[in-house]
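Everything below concerns the one structure shown next.
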Amino acid sequence: MADSTIKNHPRHLHRKLNIIVKVGILLMESAGDSNRIVRNMRRVAAFLGLDNDNLHIDILYGTVKVSYCDESHSFSRFAHSDKYTINMKVLADVSQLSWKAIREDESIKSFERKLDDPTLVKPDYPVWMVILGAAMGSGGFSVLFGGDWPSFIPAAISGFVGFSVRYFLLSNRFNFYMVTALTAFLATLTAWLMFLILPEGFTQCPYHSFLCCALFLVPGVALINFLDDMLDNYLLVGLARLGNAALQIASMTFGIVLAVSVCGVTNFLGNLSMQPIISYWEAAVVTGISATGFGMIFNVPRRSLPIVALLGFLGMCLRNFIAFDLGQGLILGSLAGATLISLLAVRFVHAARSPNHVLTIPGVIPMVPGILMYRGIFGFVHLGTDVAEFMAAFSNLLNAGLIVLCLSIGVATPNIFVRRWIAKRRREELNALVAERRKRGKFVALADFD
């Protein structure tokens, strides 16, 4: 049906702008990067018959603004949200919905109904499974970062307790940063209690579980999105994400420092080895466990979870081989591992029916250098007058920052190189669909509002 119904009826155009804004806010609340948010909004605008040349989108942290205008007319809508979760299922499903709508020429009412469907944002996993995923991720971190297999158990139990408390408090709308600090405190305190309860000699690496039990709190997604936004020139949003990540790390560190003070544990971070003591096959198992755990925390679609585990395993193996076997260090190893994950993810996008970031980010999260961040922040907290201590703390923070930068560059590699070819094909397909809709009178002409 032609779009003549919108002529001289601004409310119909406002309705379409509201749909576009709703899509943007939905993706922002689900931890989508700015470039992805804008791409999806423009695709939905094309489905709704809005000319790309007259459409202007402005993304701020928590706010989405849309304007449809020319020299004589201007229609605008904006929305704000303070809700932030990591929901990869929403990123995948909204992308699928927008392409399906324009390919199958759905009605606006049908598309709106799907956007408003509560199942769109509903977690794919029950609460107990998400908490178990956090426990698996914490235990996996302990083994991946130099611990032995027995250290998996106290780290997993501590992660289970910490994430359970976090889920309960956030469900009751407690302050996010206060919850982060309390979660880190309780998880670390639980690890110390496990250290006292378990038989002596249960694990040869007790401090690894003590250190890794709260690593699920490290804002890896926020840090990766920060650098993605900076690389895509969304500077203000990127800096806001960095500020949010810094507050999360500070809150987490406060909780851990408080727990360490209560437990009376001495500073053991300086000489704790991060080199894995397990074989590559064991690393494959534990990386798959960690990636699967974080996949459940991030609500990765069930159909994509096995691919996430596989990519995480391959990336971690390459990272460890380059960093430790070849002696090139964690910075180059992390860059190589993240790049491998993102390049392989391009091949699985259609099979998994999920965007590239949904597959890559959970796979690279086990590489986020939470221990180096701890070492750096602990060093500054306990800083005295020794210049060597200051340089060691600064070096740890610098290395952590460079590793996160390399992880982000690795994740962005398909967007910079490989995906340019894929994006060209998708753009050509979208342009063909838009041209067809334009012929059928599906586009809004602003001159109709004279």
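Just so it is clear, none of the values below were taken in a lab; they were calculated from the coordinates. Because the structure is a prediction, the values reported are computed rather than measured. Here the Cβ is made from the backbone with ideal geometry for all residues, glycine too, and neighbour counts use every protein chain on show.
Between Ile57, Ile20, Ile197, the GNM of the chain built on Cα springs shorter than 10 angstrom shows Ile197 fluctuating the most. Counting 0.36 nm for each residue step from Tyr167 to Asn233 and taking away their Cα separation leaves a gain of 20.3 nm.
Judged by the ratio a/c of the largest to the smallest principal axis of the C-alpha gyration tensor, the chain counts as prolate, that ratio being 1.5 or greater while a/b is larger than b/c. When the chain is treated as a GNM, springs tying every alpha-carbon pair under 10 Å, which of Met194, Met88, Met316 comes out with the largest mean-square fluctuation? Result: Met194 has the largest fluctuation of those listed.
Just to check, using Stokes-Einstein with a Kirkwood Rh over alpha carbon pairs, what's the diffusion coefficient of region 189-319 at 25 °C and 0.890 mPa s in µm²/s? Numbers along the way, then the final one.
Details: Rh = 17.4 Å.
Diffusion coefficient, whole number: 141 µm²/s.
Taking trypsin sites (Lys or Arg not before Pro) as exposed when DSSP calls them loop and at most 15 other C-beta atoms lie within 10 angstrom, the chain has its longest site-free stretch at 174-352. By its C-alpha gyration tensor, with a ≥ b ≥ c as the square roots of the eigenvalues, how is region 3-122 shaped: rounded for a/c under 1.5, else prolate for a/b larger than b/c, else oblate? Note, shape of region 3-122 comes out oblate.
Packing, taken as the mean count of other beta carbons within 10 Å per residue, orders the peptides 252-263, 212-223 from highest to lowest as 212-223, 252-263. Long hydrophobic helices in the chain, taken as whole DSSP H segments with a C-alpha length of 30 Å or more on their own axis and mean Kyte-Doolittle hydropathy at least -0.5: 176-197, 235-263, 329-352, 387-416.
Annotation: extensible slack from Lys65 through His350 equals 99.5 nm (criterion: 0.36 nm per residue apart, minus Cα-Cα distance). Result for the chain in a Gaussian network model with C-alpha springs under 10 Å: among Thr188, Thr119, Thr63, the largest mean-square fluctuation is at Thr119.
Measuring r between the beta carbons of Lys83 and Asp325 and using R0 = 41 Å, the FRET efficiency lands at 0.40. A crude spin-label estimate for the pair Ile277 and His73, with each label 7 Å from Cα along the Cβ direction, gives 7.1 nm.
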